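Q: The following block contains the structure, expressed as C-alpha cells.
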Amino acid sequence: MRLVTSCLVAALVSAAPAFAGTIIYATAASQSRIDGFCVGNDGTLAPTPKVQIGTGGQLPRRLVAGPNGVLYVAEADRVEAFRIGQRGGLEPFGSTNVVTGPNMNPLDVALSPDARLLYVPQNGQARIVAYPLDADGRLQSDFTSCIQGPGGAGYQRLLVRDGLLYVTAEVLGGRVSVFPLGADGSLSAPPDQCRLGNVNVDRSPVTCPLSERRHLLLPAALIIDGDVMYVESRARRQIVTFRLTNGLFDPPHRNKTGEFVSVCLKDDAGKDLTGNFKYQKALNKSAVLNQYQDIVLDGTTILGSQFTHGRVDAYHVRPDGRISKHPRRRTKEDVRGSPVGLASTPSAVYVAAGEFDRVQAFRVRRSDGMLAEETPFSQTNEQTGSFPNALAVATIPLSCF
C-alpha cells in the first residue's frame, strides 16, 4: 500500500519522492498566501520559503498539486490555479468566478484522474461542481456539470477513484455518498439543475447518490485502499473501516424484514419510504480516542493529525484491512502545535503545525510507513501569523535550491 488521500481540514496531497527537485506548498491561511519550502534529498525542509505568493481570495484552506504541473487552491470565494515553475515558483494561471452571497466556501478540491476536470464542493450553494481544465491545466471560470446536495450538506472531503466520486458530508448526522462519473469525468447534472432557489425560483431536487452510508456522525477525512474504506468520524472520535463491493456500500435494508431498499429511501413512484432502516456494518473501528483533522495512508500505516493534543498518531493496518484499535506509535505531544494537514513521502510525513506557524517533518520507516521517531527531524522557521493548515508535495524538473 502507498499513500492514498483524501480527503481535512485542511489537505489534498500529491506525494512524490525527491527526483530532480521536491517542494512542499503550505497554505498561510491567516495571511491569504501560499508558501513553498524546498525539500532536500534526505527529506529535510528548507528553513525559509523559496516561494511566497498571495491568493486572490481569503482563507486558502485546501490545495492539490496536479500531475499537469499546476497547483489548485481552494479559497473562501473561489478556486485559483498557479503554474508551477521548473524550480517551484508559482505563477497565477486562472481562477473560477468569484462566488459570494453566500461564499462558495469549499473545504476541499480534487482532480479527475486525467487532470481535465476539477471537482469543488460549494458548501455555500449546497452543491458539488466540476470545472473544466485546458490541456495545459489552466482553470476555466465556469463549471460545466454538478451534483445538487441537500440544504446544509456540510461537504468535507472528496475522493475520486475508478469512475466514482466519494464525498463526506455532515448533513443529518453525517454520511459518505458515492456518485457515478461520466466517461469524461463529468458529474450527473447540467449547471441549471443545481440551483439554490429563492422566492421566484424553486430549488433543484437533490441528486440521488449511487451508494451511501449514513449515520457516521460528522465524517471528514477518508482513504480507500483496495476494497477497504477508512473514514474519520469526528463525533465518534474514531476511525471506522468498511469493506466495499465494486467500490460501493451494501444498500440500506429494513430493520425488521431485511429487505433491501433504494439508497434514496424512495419507492418506484418516487414517494418517500417510511420505517427504520439499517446500513452496512463496519469492518472494524479504532478505539474511541481522538478527533483527527487529517489522515493519510503510508505503507501499512494510517497517520492521523490530532489537533487538540498536538501530536500525530500512527495506526497499523493488518493484511485483511482492519485497523489497530490503538495507535502503535505517536509523536511527542505539544498542545501548542495544533497539527492540521498531512503530506507523506517515502521517507517522511510532513505536518502543517498551525499554531507553531511552521511545517514539521517526522521520519517514517520505509518498510511500512510507521513513525520512526517521536520528534521532528526537520522543520521550517516560524512564519509568524501564517497558521498553515494544508500541504501539497510537488516534484519539479530542476533543483528547488
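What follows draws every value from the coordinates through simple rules; no lab data is involved. Since this is a predicted model, take the numbers as computed values, not measurements. Counting neighbours? That spans all protein chains shown, and the Cβs are built from the backbone with ideal geometry, glycine included.
Q: Between the stretch 286-337 and the stretch 348-401, how far is it from one alpha carbon centroid to the other, in angstrom?
A: Going from one Cα centre to the other spans 16 Å.
Q: Further question on the same structure: Ser399 to Gln86: extension gain in nm, 0.36 nm per residue of separation minus the Cα-Cα distance? It would help to have the intermediate numbers written out before the result.
A: Values: separation 313, 0.36 × 313 = 112.68 nm, distance 0.81 nm.
My answer for the length gained is 111.9 nm.
Q: Continuing with the same structure: What distance in nm lies between label points placed 7 Å from Cα along the C-beta direction at Arg203 and Ala135?
A: Here the answer is 4.3 nm between the modelled labels.
Q: While we're here: Residues with beta-carbon under 15 Å from that of Gly151, excluding Gly151: net charge, scoring Lys, Arg +1 and Asp, Glu -1? Walk me through the numbers before you get to the answer.
A: Working: positive: Arg127, Arg175, Arg195, Arg203; negative: Glu170, Asp202.
Taking every Cβ under 15 Å from that of Gly151, the sum is +2.
Q: Okay, moving on. Taking 7 Å along the Cα-to-C-beta vector as the label spot, tell me the Thr375-Ala269 distance in nanometres, rounded to one decimal.
A: Placing both labels 7 Å along Cα→Cβ, they lie 7.1 nm apart.
Q: Something else now. Need the C-alpha centroid separation for the stretch 247-273 versus the stretch 23-95, integer Å.
A: Computed from Cα coordinates, the inter-centre distance equals 44 Å.
Q: Further question: Considering only Ala153, Phe377, Ala189, whose Cα is most displaced toward the positive end of the charge dipole of the chain, charges sitting on Cβ of Lys, Arg (+1) and Asp, Glu (-1)?
A: It is Phe377, whose Cα lies furthest towards the positive end.
Q: Lys256 versus Val98, label points 7 Å from Cα toward the beta carbon: distance in nm?
A: 5.7
Q: Which residues in the stretch 168-212 have a backbone N closer than 19 Å to a point placed 7 Å from the Cα of Ala235 along the Cα-to-Cβ line?
A: Label zone hits: 168-178, 212.
Q: OK, next. Show me, for the stretch 328-344, the HN-Hα J-couplings you get by feeding each phi into the Karplus relation (A = 6.51, B = -1.76, C = 1.60, θ = phi - 60°), rounded to Hz, glycine and proline as x.
A: 7, 8, 8, 7, 5, 5, 7, 4, 6, x, 6, x, 10, x, 10, 9, 10
Q: Net charge near Val349: determine it from the other residues with C-beta under 10 Å of the C-beta of Val349, scoring Lys and Arg +1 and Asp and Glu -1. Display every interim value, and only then the final one.
A: Numbers: positive: Arg363; negative: Asp298.
Combined, the nearby Lys, Arg, Asp and Glu give 0.
Q: What does the charge count around Pro376 come to, taking other residues whose C-beta lies under 12 Å from its C-beta (Lys +1, Arg +1, Asp -1, Glu -1)?
A: Around Pro376, the charge tally is +1.
Q: Calculate the dipole size of the stretch 259-401 relative to its Cα centre from +1 charges on Lys and Arg beta carbons and -1 charges on Asp and Glu beta carbons; express the result in debye to the nearest 20. If you can, show how the numbers build up before the last one.
A: Working: 18 positive and 16 negative charges, 103 e Å.
Dipole of the stretch 259-401, to the nearest 20 debye: 500 debye.
Q: Using θ = phi - 60° and the Karplus relation 6.51 cos²θ - 1.76 cosθ + 1.60, list the HN-Hα couplings for the stretch 126-138 in order, rounded to whole Hz, with x at every Gly or Pro.
A: Per-residue couplings from phi come out as 6, 8, 10, 10, 10, 9, x, 10, 5, 4, 8, x, 5 Hz.
Q: Separate question: Using the crude model of +1 on Lys and Arg Cβ and -1 on Asp and Glu Cβ, and no other charge, please compute the dipole size for the stretch 21-396 relative to its Cα centre, in debye to 20.
A: Working: 41 positive and 37 negative charges, 223 e Å.
The calculated dipole for the stretch 21-396 is roughly 1080 debye.
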